[in-house]
Amino acid sequence: MGWLKGLRKRKIPERADLGISRQEPKDNFRLVEKYYVSNPHAQILVYQDPDQASLRYFIDEAVLDEDELIVHDKLTKIVSKELEPPTDLDVDPAAYVREQVQLLSHKYRRSIGKISDENWSKVLYYIVRDIAGYGPLDPMLRDPNIEDISCNGLLTPVFVWHRKYESIPTNLSFTDDRIYNDFIIKLAHKGEKHISSAHPILDAALPEKHRLAATFQKEVSTHGSSFCIRKFREDPLSIIDLINLGTLSPKLAAYFWMLLEHRMNFLILGGTGAGKTSMLNALLSLVPPNDKVITVEEVAELNPPHQNWVPLVSRKGFIFGQTGGASIDLFDLVKLTLRYRPDYIVVGEVRGEEAFTLFQAIATGHGGICTMHSDSLDHAVKRFTSEPMNIAKIYIPMMNISMHISRVELPYEREGLRFGRRTRNVWEIEDFEKYVEISRWNPTTDTFNVDLTKSIKLKHISELKGVRLEAILEEIEKREKLLTELASINVRDQKEVVIKLQEYKKTGRSDLSEGAINNLKESTVTIKGRSYRIWRHPKGAIDPETGKKIGGRIARRGG
């Protein structure tokens, strides 16, 4: 009977991902694209299905053999019992788990047995993926081309929204109800929230700032549990990124820059996934860096490059027994911002009575930027003046600028993409139901027809400064040239862009090729036998604040 005991000891687990079905591509599928997201353990393959004339998204991960499955099973049990939480909450979870698993594998090396370095790498990948990551969905979260991940229930494929191919099904589906519900609960815990039959609706932010919406079992969804993850870019798109992607032109960006410097108020309109939040985040880099910015959101998504920044997030109420915590909504937070003396109040999305408070704040001199779900300015104004926002018609012109962004089909490929996001219209709001169209996107040529000579806001700025409108337009042309050059040399990091914009503000030079932005003219003068260094503005420099010529004037002095 000794040989039976040996068989019992060598019980082989079924596979690493229980409760998950993985389809394989059929022989007649045509490979469109493949790339690694975790080399060499996970790659993505996009196939064309000729039978349905559609695309399919396949995750291809390294397969564990029998010996690797046994080691994986043993280590998973050991780690689940002995893994201690990190003392430093800022530690990278994946790095911490990897380090602890290696320590535990050494501690229990006799029980685990010998394994080659190549096999160990595969086992370690799966353990870190399952404990610190998102299990079988982890490759999708690692894929920079994915914007959205969703699952509508058991035995249905997980869907992704791909930058190149839009909405396509994957080869993964959940097949076990308990495992699927456990995965939803794990997502909720990662977002530091709770989901259950008593509280079956979840709206949370994952540690990587991905936005999570989920339902639990069949309490509110007849197909059972469901979830949707809207991915957040670790490296947010800057205004230069949007120029390179064609979302807006350098001229429009320079125009927005001028307006934001003078505390104009912006309303960004568009549908779901149109790019409203990305545009809002990019515009914040054009707000003067010393301004005090307060962001108000339901889920934290914005990341302005300002030191003087206060992020506020709403909170839903919770009740346990007879006691609980009160809800804190956007309306409460927008009211709170007025006590912080902000230069700009930024609301991630207005949809209720918080809009009324935002307009009150704008009326008292604070700057305001917000987004709103709408397909036109006319429809947005109708929502503003109706329940529950109830904004008086005389307040509407206080929202100075409005733009409409949408996802569109391009007339030709741009950076390999046939679809993109474009700023379809830009309006200046002169009065209620009286709008001046400044820009319109041409879908035939993928260009922007911009006419700043019609701008009433630029005329207002010129009057405040006491300069001619032509001087303001010339300044915008210089800024357009600067942004064009930054885009051409791909200076795209948000903080780096802000530094370049501020250097321009100091020097008034837009010629990057000669290093003019950093090129104050240095010289030495001698006064009463003592030498001093001085830096002068270069020839032709213009003060962007006043529009006056400052070429040759002393900018800095030193000993």
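Helix 250-261 and the longest principal axis of the Cα set of the chain meet at an angle near 70°. Which stretch or stretches of the range 149-171 have amide N atoms under 19 Å from the point lying 7 Å from D51's Cα along the Cα→Cβ direction? 155-158, 168-171, by backbone N distance to the label point. Model label sites at E477 and D176, defined 7 Å from Cα along the beta-carbon direction, differ in position by 6.9 nm.
With bins 10 Å wide beginning at 0, the percent of Cα pairs of the range 1-145 falling in each bin runs 10, 34, 31, 17, 8, 1. Whole Å is fine, so just give me how far the alpha carbon centre of the range 63-87 lies from that of the range 325-367. Result: 49 Å between the Cα centres. What you get for the chain, charging only the Cβ of Lys and Arg (+1) and of Asp and Glu (-1), is a dipole of about 1740 debye around the Cα centre. If you take all other residues with their beta carbon under 14 Å from the beta carbon of S238, and give Lys and Arg +1 and Asp and Glu -1, the sum is -1.
So what does log10 I(q)/I(0) come out to for the chain at q = 0.12 Å⁻¹, using the Debye formula with one equal point on every Cα and no solvent? Values returned for q = 0.12 Å⁻¹ are -1.25. Once backbone amide H atoms are built at 1.01 Å from N, V310 has V293, I294, T295 as its partners under 5 Å, excluding neighbours fewer than 5 places away on the same chain. Using C-alpha pairs under 8 Å with a sequence gap of at least 6, the mean separation divided by the residue count of the range 1-145 gives a relative contact order of 23 percent. Counting beta carbons within 10 Å around each of D65, D375, D117, D343 and listing the fewest first gives the order D117, D65, D375, D343. Between the amide H of Y36 and those of I44, distances stay under 5 Å, these residues lying 5 or more places away or on another chain, with hydrogens modeled in the peptide plane. Extension gain, T453 to H189: 0.36 nm times the residue separation minus the Cα-Cα distance gives 89.7 nm.
The Cβ shell under 11 Å around I195 holds other residues with a net charge of 0, Lys and Arg each +1, Asp and Glu each -1. The modelled label-to-label distance between S197 and R339, using points 7 Å beyond Cα along the C-beta direction, is 4.2 nm. Listed from fewest to most Cβ neighbours within 10 Å, the set L172, L242 follows the order L172, L242.
Applying 1/(1 + (r/R0)^6) with r as the Cβ-Cβ distance of R407 and I489 and R0 = 30 angstrom yields a FRET efficiency of 0.60. Counted residue by residue at 0.36 nm each, then reduced by the alpha carbon distance between them, the extension gain from R315 to I554 reaches 80.9 nm.
Among the listed pairs K74/K231; K276/K495; K251/K457; K122/K193; K434/K505, those with a Cα-Cα distance over 27 Å are K74/K231; K122/K193; K434/K505. Dividing the mean sequence gap of close Cα pairs (under 8 Å, 6+ apart) by how many residues the chain holds gives a relative contact order of 9 percent.
Within the chain, the longest segment free of exposed loop sites, counting GluC sites (Glu not before Pro) that fall outside DSSP classes H, G, I, E and B and have at most 13 other Cβ atoms within 10 Å, spans 235-414. For Y36, neighbours were defined as the other residues whose beta-carbon sits under 14 Å from its Cβ, and their charges (Lys and Arg +1, Asp and Glu -1) total -3. For I394 and K505, the difference between the fully extended length at 0.36 nm per residue and the C-alpha to C-alpha distance is 36.4 nm. Once the Cβ-Cβ distance of H262 and D235 is raised to the sixth power relative to R0 = 41 Å, the FRET efficiency obtained is 0.90.
Taking label points 7 Å from Cα along the Cα-to-Cβ direction, V63 and H379 give a separation of 4.9 nm.
Rounding to the nearest 10 and keeping the result within 0 to 90°, find how far the Cα-based axis of helix 494-507 lies from the longest principal axis of the chain. The two axes meet at around 10 degrees. Projecting the Cα positions of Q102, Q43, F174 onto the charge dipole of the chain (unit charges on Cβ atoms of Lys, Arg, Asp and Glu, taken about the Cα centre) puts Q102 furthest along the positive direction.
Just so you know, all these numbers are worked out from the coordinates, no wet-lab data involved. If you're wondering where the values come from, they're calculated on a predicted model, not measured in any experiment. Every residue, glycine among them, receives a Cβ derived from its backbone with ideal geometry; neighbour counts consider all protein chains shown.
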